[in-house]
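Below is a structure I'd like to ask you about.
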Amino acid sequence: MKNILKNERGNIAIFVLGLLTINMVLFVFVLNLGSVFATKEKSSTIAQQASMVATSVYYEEVQRVIEEYEDETLEGALQAFFEDFDEKVSDRKQSLRNSGQYSGWSVKEIEIEAFDQVLNEELHEPLVRNKLRDLLSSEAVENKVIQRVRHAITSNGGLLEDAQLKVDQNKFHVKASNEFKSTTLEGVIDSFKENVFQSSSGPKIDFLEEVWTGSTTIDLE
């Protein structure tokens, strides 16, 4: 009888130990799964912010070119464009703010949308479109966009390894990653690291592909 009781206690101890091990493995698995989703979400946010930065910087350069360009010989549509553009954008921003359609938009998003709407309307004039194409086909402008995208990724905790900036369908597309580190369980689950990539694109820029003279796919590393 004593031997039977001892064996029974031993079997129960082994059973409980087995349950604990299984529970620990499941806990670590769930913890790692949650971490993967969190890392994926962070990578998505990084890519989204970087693509918005690319768009914002490019619009800043368009605005700078428009504000700084001076030519006393301008007349007609070109003269009206360079003289009245800022006022039109300001009026459009106010109109968008008062519209329920844009109630959830940030100040920056409304600024970009207003700028984009007015610019696209003005670009229907061939003289304006050709002049802006000449002024914006600049390696310096492109390099500024690239450097600001790199900074946006790293400043948000992202990695430049295998990160890319792509110009496609008149949009800036950014692929970026964040590092996932697994939780370990000694003897059962090994430790490993992996870069989790996500991609995002900014708003459409009507004439981006016309003026972008460099490579349409840039490695950011």
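The values are calculated or read from the model by the stated rules, or taken from the named source; none is laboratory data. Fair warning: this is a prediction, and the values are worked out from it, not measured in the lab. No Cβ is skipped: glycine too gets one built from the backbone with ideal geometry, and neighbour counts run over all protein chains shown. Heads up: the accessible areas ignore ligands, DNA and RNA and are worked out on the full protein's heavy atoms, side chains in. Shrake-Rupley method; radii C 1.70, N 1.55, O 1.52, S 1.80 Å.
With 90, 106 as the choices, which residue is of a type in the set (S, T, N, Q), open to solvent by less than 80 Å² (accessible area, probe 1.4 Å), without any contact (Cβ under 8 Å) to a residue 40 or more places away in the chain and touching a helix residue (DSSP H, G or I) at 6+ places or on another chain (Cβ under 9 Å)?
90
Output the residue which, of all residues in the range 152-170 that are touching a strand residue (DSSP E or B) at 6+ places or on another chain (Cβ under 8 Å), in contact (Cβ under 8 Å) with a residue 60 or more places away in the chain and crowded, with 16+ Cβ neighbours inside 10 Å, is nearest to residue 70 (Cα to Cα).
Per the stated criteria, the residue is 165.
Let me ask something else. Filtering the range 53-87 down to residues that are more than 31 Å from the chain's Cα centre (by Cα) and among the acidic types (Asp, Glu), which residue is most open to solvent (accessible area, probe 1.4 Å)?
72
Taking the range 138-151, which residues are open to solvent by less than 80 Å² (accessible area, probe 1.4 Å) and either of a type in the set (Lys, Arg) or over 17 Å from residue 60 (Cβ atoms) (or both)?
Of all residues in the range 138-151, those open to solvent by less than 80 Å² (accessible area, probe 1.4 Å) come to 138, 140-143, 145-146, 149-150.
Matches in the range 138-151: 150 only.
Return yes when residue 127 is more than 30 Å from residue 195 (Cβ to Cβ) and either aliphatic (A, V, I, L, M) or surrounded by 15 or more Cβ atoms within 10 Å (Cβ to Cβ) (or both) and no when it is not.
Yes: the conditions hold for residue 127.
Which one of 114, 176 is buried (at least 16 other Cβ atoms within 10 Å of the Cβ) and under 17 Å from residue 220 (Cβ atoms)?
Only one candidate qualifies: 176.
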